[in-house]
Amino acid sequence: MAGMAKPHKRFVCQACGSVSSRWQGQCPDCAEWNTIVEEAPSVAASPFQAKHNLQGGGRAIEMIGLDSEVKLPDRIATGIAELDRALGGGFVEGSATLFAGDPGIGKSTLLLQAAAKLALAGKPVAYVSGEEAADQVRLRARRLGLGAAPVRLAAATSTRDILTTMSMGPPPALLVIDSIQTMHSDLIEGAPGTVSQVRASAQELIRFAKERGTAVVLVGHVTKDGSIAGPRVLEHMVDTVLSFEGERSHQYRILRAIKNRFGGTDEIGVFAMDEEGLSEVGNPSALFLTHREEGVTGATVFPALEGTRPVLVEIQALVVRLQSGATPRRSVVGWDSGRLAMVLAVLEARCGLSFSSAEVYLNVAGGYRVQDPAADLAVAAALVSALSERPVPADAVAFGEIALSGEVRPVAHAALRCKEAAKLGFERALAPASVGKEGGALRLSGFRTLGALVDHLLGRG
Ligand code: TYD
Ligand code: MG
């Protein structure tokens with residue numbers, strides 16, 4: 001009969017209880033013969049079944065189309081442009097943000113500055129420190145010239161105490177929890193900092209954010225291997241994950257959105273840590289370039305792209321020949337070591353350059369960490385220059401992706417990269433041949449293969 005579902009037949013083995021949809025002579029599970037019997041289709045035969053059949057008993061939910069009205073979330077702009085940029089326009093009301101980074105990188109400093117700025121703009125802001133005493137935080141605020149900001153400050157570690165306090169009176173627009181690893185929930189056993197404690201505390205804080213419309217920021221420490229300590233799970237629970245990066249020995253800090261339910265993940269914010277805390281760096285391009293002199297070998301400038309933002313960085317390579325047969329070191333700061341191994345292998349296999357008896361050191365200047373795959377060609381140029389002791393022209397930038405075949409692949413936004421390089425006084429680009437007119441004001445040396453770049457740098461052909 002059309003329109004009416006046929007009741008499912010059920011065949012159950014009387015020996016082992018396994019259920020199948022058709023009759024068989026032998027049970028496929030227990031291999032007994034003639035034990036399979038048809039049973040009447042069960043319409044929730046037992047309360048157990050009723051509970052375990054999720055196809056009934058629920059409420060009907062409203063389904064809407066993709067084209068229905070969308071209300072954009074309200075954002076709380078902090079007024080720190082670099083922070084707002086990384087967030088995609090500011091903190092979103094009722095959202096949870098994980099603010100991750102190495103200890104000492106400047107998380108507390110930046111969040112205190114943001115909190116103070118919002119408070120001075122008249123927003124209710126609360127800052128709870130589980131790591132430092134309230135006096136320590138106040139001293140820091142005073143040193144940053146923010147002592148007068150009406151931030152509500154507390155030193156506490158009990159999630160229940162914090163949420164009880166926050167639930168009295170109107171909820172704050174922004175609540176900073178510094179850090180989530182110091183928080184303790186009495187709903188669950190275990191010391192603060194354990195995965196279960198971190199997860200339970202975060203869950204309660206995130207629920208508060210959703211219910212009360214507060215933007216909650218959870219500070220999280222990162223372990224040495226770069227993962228967010230313990231609370232890797234937190235990344236899934238929060239709406240936004242910001243990572244604060246940089247070398248502690250350097251001044252510069254990059255704020256990167258790793259996950260963002262309300263915006264793009266490719267924008268970065270750039271800061272410099274100085275006496276007065278973190279200051280914004282509106283034009284980061286000039287920043288990562290060390291003072292450049294003619295004739296230095298092993299250095300190339302790479303026009304990296306972060307979201308829509310070009311950043312010029314210097315890539316430095318050093319090749320040290322080994323006399324003995326010891327295994328040579330490969331050491332990388334600021335780039336992926338697997339990617340370096342790949343570029344070295346392609347140089348060896350496709351271009352006949354051997355690094356096998358030499359130590360290779362690769363460094364990205366200024367404490368910057370390059371993630372853009374277009375860095376391959378710049379790295380290769382720096383390596384070839386270091387090996388051959390011939391400098392890469394000081395007025396050139398290099399970019400392009402390298403395939404295992406030795407081909408130089410086109411990359412995104414070549415025009416933007418070239419424009420930024422031209423703005424900073426560069427005159428040439430070593431780039432994929434496909435760049436063509438996108439080179440703009442730069443003189444283009446286009447390459448189809450890595451071999452062609454090597455020939456160019458070595459003055460062959
Ligand atoms: P902090 O914000 O405490 O780092 P985190 O919360 O990520 O652990 O910053 C610590 C470092 O920043 C500390 O080593 C001193 C430095 N710093 C400055 O250089 N200038 C400043 O104005 C402040 C407040 C800190
Ligand atoms: Mg801190």
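Details
- Applying a 4.7 Å Cβ-Cβ cutoff to the chain leaves 351, 418 as cysteine residues with no disulfide-compatible partner.
- Evaluating 6.51 cos²θ - 1.76 cosθ + 1.60 at θ = phi - 60° for every residue in region 409-415, the Karplus couplings come out as 8, x, 10, 6, 6, 4, 4 Hz, glycine and proline recorded as x.
- Full extension of the chain segment joining residue 388 with residue 154 gains 78.3 nm, where the gain is 0.36 nm per residue of separation less the Cα-Cα distance.
- If only the Cβ of Lys and Arg carry +1 and only the Cβ of Asp and Glu carry -1, the dipole of region 233-302 around its Cα centre is close to 260 debye.
- Building the convex hull from the alpha-carbon atoms of the chain and averaging its projection over directions returns 35.4 nm².
- Cβ charges +1 (Lys, Arg) and -1 (Asp, Glu), total dipole of region 66-112, debye: 160 debye
- Summary value for the chain: 11 percent relative contact order, contacts being C-alpha pairs under 8 angstrom separated by 6+ residues.
- Legend: calculated FRET efficiency, residue 412 to residue 324, from the Cβ-Cβ distance at R0 = 56 Å, rounded to 0.05, equals 0.80.
- Net charge contributed by nearby residues that have their C-beta within less than 11 Å of residue 182 (K/R +1, D/E -1): -3
- Where Rh is the Kirkwood radius over Cα pairs, Rg/Rh for region 330-461: 0.94
- About its Cα centre, the dipole of the chain is roughly 400 debye, where the only charges are +1 on Lys and Arg Cβ and -1 on Asp and Glu Cβ.
- Inter-label distance, nm, simple model (7 Å from Cα along the C-beta direction), residue 276/residue 15: 8.5 nm
- From phi via Karplus (6.51, -1.76, 1.60), per-residue ³J(HN,Hα) for region 125-134 in Hz, x at Gly/Pro: 10, 10, 10, 10, 9, x, 10, 10, 5, 4
- Leading residue at positive end of dipole, the chain (Cβ point charges), from 121, 421, 92: 92
- Fewest-first sequence of 91, 99 by Cβ atoms within 10 Å of each Cβ: 99, 91
- Across 71/107; 71/123; 107/210, pairs whose alpha-carbon gap is larger than 28 Å: 71/107
- Secondary structure note: in the chain, about 50% of the DSSP beta bridges are antiparallel.
- When the helices of the chain are scored as -39500 (n - 2.57) per DSSP H run of n ≥ 4 and the total is divided over every residue, the value at 222 nm lands at -7500 deg cm²/dmol.
- Annotation: amide H-H contacts under 5 Å for residue 333 (H modelled 1.01 Å from N, sequence separation of 5 or more, or interchain): 362, 363, 364.
- J(HN,Hα) series, region 347-356, from Karplus relation 6.51 cos²θ - 1.76 cosθ + 1.60, nearest Hz, glycine and proline x: 4, 6, 6, 9, 10, x, 9, 9, 10, 5
- Long-range HN-HN contacts of residue 258 with modeled amide H, under 5 Å: 241, 242, 243
- Near residue 359: Cβ cut-off under 10 Å, other residues only, Lys/Arg at +1 and Asp/Glu at -1. The net charge is +3.
Every read-out reported here was derived from the displayed coordinates using simple, explicitly stated rules and does not represent laboratory data. Only a predicted model underlies this, so the values are computations on that prediction, with no experimental measurement involved. Glycine also receives a Cβ, built like all others from the backbone with ideal geometry; neighbour counts cover every protein chain displayed.
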